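Student: Structure provided below as structure tokens; questions to follow.
Each reported figure results from applying straightforward, stated rules to the coordinates on display, with no laboratory input. This one's a predicted model, so the numbers in the text were calculated from it and none came from an experiment. Cβ placement follows ideal geometry from the backbone for every residue including glycine, while neighbour counts extend to all protein chains displayed.
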């Protein structure tokens, strides 16, 4: 399917403020970016770099006063995500070098705390894809997805304790559970067509059967219509913006995902 994504951020800044943004989707095996626009108001010099995860990042200093960022992109992406029941577990010693890092505990995903719990959830389930699917099913049953939750920036341990959270929180719990079973897992942030309420969305990918597969504990079905902006160990790596200096939360944030007719 063809999607048009859009994101607008507005700030009122008391002083010149350095930013690192992560708002450009990159083309790859799962998506093709056919057109994009990126507008800064007022216009300022920007330096783009690729971080250690391959994400496209933009570095700039915004002036004091009103500052806005507007992005749009037309992207071809899959109607449905790939599923692979029965895909096998990959032994740690056989993993590609670049995948090994996603076995490690991280700031929001304290995987060492979940070894016993994860083993109990997947008892009797074939190692690999089926284990990750069982973990996702358990999260859907036991943890309430609440986009308006009052809790913020929770670790996987806190999510498990409170049993509610936003998409980022449920992804953190899924990642921690996977890593505790020696299944590599990484955070993904981007857009999801038809998400209610519409916002930036987070899910995770797990490495089984020799490749990454998408898992989303907030959705009951294997929905496609996803546009990825960033990958990382957890939310600390995939923020769509980081600012440095006095905190100035956005005064405006709007996200839209529109279904387009295929090009003629």
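Student: Just order 36-45, 99-108, 165-174, 251-260 by mean Cβ neighbour count inside 10 Å, highest at the front, would you?
Tutor: 165-174, 99-108, 251-260, 36-45
Student: Within region 148-188, which residues have the backbone N less than 19 Å from the label spot 7 Å out from residue 247 along Cα→beta-carbon, could you tell me?
Tutor: It comes to 148-155, 166, 168-169, nothing else.
Student: Given R₀ = 35 Å, what would the calculated FRET efficiency be for residue 100 paired with residue 141, taking r from the Cβ atoms and rounding to 0.05?
Tutor: On the way: r = 31 Å, r/R0 = 0.89.
Once rounded, the FRET efficiency stands at 0.65.
Student: Stokes-Einstein at 25 °C, 0.890 mPa s, Kirkwood radius from Cα pairs: D for region 1-122 in µm² s⁻¹?
Tutor: 133
Student: Same structure, new question: Provide the packing ranking of 27-35, 134-142, i.e. peptides ordered by the mean count of other C-beta atoms within 10 Å per residue, highest first. The partial results should precede the final answer.
Tutor: Numbers: 27-35: 13.0, 134-142: 18.1.
Those peptides, ordered most packed to least, come out 134-142, 27-35.
Student: Relative contact order of region 92-237, please, whole-number percent, based on alpha carbon pairs below 8 angstrom and at least 6 residues apart. Display every interim value, and only then the final one.
Tutor: Numbers: 264 pairs, mean separation 39.9, N = 146.
Rounded, it is 27 percent for region 92-237.
Student: Moving on to the next point. Given contacts defined as C-alpha pairs under 8 Å and at least six residues apart, what's the relative contact order of the chain, whole-number percent? If you can, show how the numbers build up before the last one.
Tutor: Numbers: 599 pairs, mean separation 76.8, N = 264.
So the answer I get is 29 percent.
Student: Report the calculated FRET efficiency for residue 117 and residue 52 (r = Cβ-Cβ distance, R0 = 30 Å), to the nearest 0.05.
Tutor: That gives a FRET efficiency of 0.50.
Student: May I have the pair-distance distribution P(r) for region 92-237, computed from all Cα-Cα distances with 10 Å bins from 0 and rounded to whole percent?
Tutor: Histogram of Cα-Cα distances, whole percents per bin: 12, 47, 35, 6, 0.
Student: Hey, another quick one. If the label point is 7 Å along Cα→Cβ of residue 198, which residues in region 4-29 have backbone nitrogen under 12 Å from it?
Tutor: Only 4-8 pass the distance filter.
Student: Oh, and also: What are the principal axis extents of the Cα atoms in region 168-212, in Å, biggest first?
Tutor: Computed over region 168-212, the largest-to-smallest principal extents equal 34, 21, 11 Å.
Student: So, in Å, what gap is there between the alpha-carbon centers of region 199-214 and region 223-264?
Tutor: Centre-to-centre (Cα) distance: 16 Å.
Student: At q = 0.11, 0.25 Å⁻¹, work out log10 I(q)/I(0) for region 160-264 with the Debye formula, treating every Cα as an identical point scatterer and leaving solvent out; two decimals please.
Tutor: Summing over Cα pairs of region 160-264 leads to -0.40, -1.47.
Student: Additional query: Report the extension gain between residue 261 and residue 78 in nm, rounded to one decimal, defined as 0.36 nm multiplied by the number of residues separating them, less their alpha carbon distance.
Tutor: Full extension of this stretch gives 64.5 nm more.
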